[in-house]
1. Taking the alpha-carbon distance from K337 and a cut-off under 21 Å, which lysines remain once sequence neighbours fewer than 8 residues away in the same chain are dropped?
2. May I ask you to derive the relative contact order of the chain, considering only C-alpha pairs under 8 Å and at least 6 residues apart, and to give it as an integer percent?
3. Top mean-square fluctuation among D253, D50, D207, Gaussian network model of the chain, C-alpha springs under 10 Å?
4. Can you check what the net charge comes to around S280, using other residues whose Cβ is under 12 Å from the Cβ of S280 (Lys, Arg +1; Asp, Glu -1)?
5. Any chance you could run the full-extension gain for Q217 through Y190? It's 0.36 nm times the residue separation minus the Cα-Cα distance, nm to one decimal.
6. Relative contact order of segment 292-388: what whole-number percent is it, with Cα pairs under 8 angstrom and at least 6 residues apart?
7. Going by accessible area, probe 1.4 Å, with all protein chains left in place, what is the ranking of L289, L354, L385, L189, largest first?
8. For segment 87-231, what class follows from the C-alpha gyration tensor (a ≥ b ≥ c being the square roots of its eigenvalues): rounded when a/c is under 1.5, otherwise prolate if a/b is larger than b/c, else oblate?
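The values are calculated or read from the model by the stated rules, or taken from the named source; none is laboratory data. No experiment lies behind these values; they were computed from the predicted model shown. Counting neighbours? That spans all protein chains shown, and the Cβs are built from the backbone with ideal geometry, glycine included. Surface accessibility is based on the protein's heavy atoms, side chains included, excluding ligands, DNA and RNA. Shrake-Rupley method; radii C 1.70, N 1.55, O 1.52, S 1.80 Å.
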Amino acid sequence: MKIGIDKLAFATTPYYLTMEDLAQGRGEDPNKYLIGIGQDRQAVVPPTQDVVTLAAAAGEKLLTNEERDQVSTIIVATESGIDNSKATAIYVKRLLKLNDFTRAVEIKEACYSATAAIQFARGLVALKPQEKVLVIASDVARYGLNTGGEVTQGAGAVAMLITANPRVLAIEETSVAYAKDVMDFWRPLYSEEAMVDGKYSTNVYIDFFKQTWTRYQQLTGQTLADFTALAFHLPFTKMGKKALEAELGERDDTIATRMRANLKAEQAACRQVGNLYTGSLYLGLMSLLVNGDVQPGERIGLFSYGSGSEGEFYAGILQSGYQAGLGDLSEQLAARKRVDLATYEKNFNAQLGLKEEDVTFETPTDGQRFILAGQKNHQRQYVDLNED
Ligand code: HMG
């Protein structure tokens with residue numbers, strides 16, 4: 001039985017900052033950000049948006065009313081959780097009006113956990129092939145103003161339906177996971193911003209790619225020639241290039257040319273949004289399928305990496321109906337509004353974050369349906385503006 005990704009949908013905030021504006025504000029050469037890091041824009045997060053509202057927006061785009069009733073389990077993968085006990089998935093389940101007889105859980109391992117969620121979902125569907133599992137990767141990547149990581153911030157969510165006989169990607173049996181206790185990036189409970197050993201983290205990423213990819217080849221007997229593209233977790237788009245080039249080296253044949261071209265296709269949407277943490281690999285996959293040279297029946301490799309650290313290499317076969325399962329990625333990115341550096345900084349500082357007091361945010365008129373209206377009695381107030 002084929003099991004895999006049946007549909008994907010993406011949601012981000014309605015605002016972005018250009019990397020030219022950020023570079024100017026930070027006294028950097030814009031080409032460092034545009035070429036050296038490989039980012040054009042980054043999502044700006046208003047205080048009325050967070051991982052719950054972004055996840056709900058992506059889920060709402062994904063599901064038909066019929067599918068809403070068929071979801072047996074919702075797994076929200078995030079490292080920007082808003083509660084140390086209660087799962088983000090519970091709030092999202094309510095906003096999406098999923099059946100009360102639904103299993104709802106949140107999972108975490110930095111940027112890797114959406115991949116774990118997909119693998120767990122595969123297991124559930126293998127046990128009960130009629131079940132549909134909703135996996136949503138949702139995060140706000142936040143390093144802090146004037147930090148080295150600032151240029152790699154971003155935000156958004158990717159929702160995926162994992163089913164039998166999927167329309168987009170049938171996931172293959174073999175996968176290689178690799179985990180080690182590494183301090184390359186972490187966020188202590190008392191901090192709103194990630195702490196990172198930036199250069200070290202890029203080296204650990206490449207090492208984990210090499211470890212998982214080498215073992216995958218040993219287990220399957222496959223080589224690059226068996227793949228039409230490799231999709232990478234893209235914390236910033238140059239990272240994917242670094243990893244791919246670590247494999248290709250001086251290679252310049254048709255296979256290497258195809259891999260490089262399809263990496264550019266994967267990078268296209270990620271250049272516009274920044275790091276989504278858990279969702280980056282899957283926004284990259286959507287971008288690859290929309291912009292790349294890929295055909296049904298071809299194999300796509302996926303490298304997932306989460307700091308701390310855990311990596312996984314796995315693969316899937318592209319299915320014939322894949323275009324129908326992708327939604328309106330380009331339109332959505334084009335519809336966003338540009339904000340200047342001062343507005344970005346104001347939004348950055350206005351987040352609810354770790355505040356303890358009651359807060360009421362002004363109701364936005366930016367078209368977002370699900371909003372964080374504030375905090376009352378230590379409880380976040382989530383509102384569906386179509387209803388309340
Ligand atoms: P930095 O020190 O600001 O930048 O840190 P740099 O000086 O290394 O320059 C970056 C690149 O720009 C270099 O290219 C420069 O040569 C180039 P490279 O040598 O890397 O190929 N450059 C220029 N290019 C063109 N024109 C110019 C110019 N000037 C310089 N004028 C760093 C960069 C990525 C380390 C920093 O932004 C950072 O710490 N980011 C956050 C950490 C991160 O994203 N790590 C990635 C791997 S870990 C991961 O993926 C997990 C993660 O997603 C979290 C999770 O799992 O939850 C992060």
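1. K61, K346
2. On the way: 897 pairs, mean separation 97.0, N = 388.
Relative contact order for the chain comes out at 25 percent.
3. D253
4. On the way: positive: R271; negative: E79, D139, E266.
Once positives and negatives cancel, what remains is -2.
5. Numbers: separation 27, 0.36 × 27 = 9.72 nm, distance 4.15 nm.
Extra length available between Q217 and Y190 comes to 5.6 nm.
6. On the way: 83 pairs, mean separation 14.4, N = 97.
Worked out over segment 292-388, it gives 15 percent.
7. L189, L354, L385, L289
8. Working: a/c = 2.19, a/b = 1.10, b/c = 2.00.
It is oblate, given that a/c is not under 1.5 and a/b is not larger than b/c.
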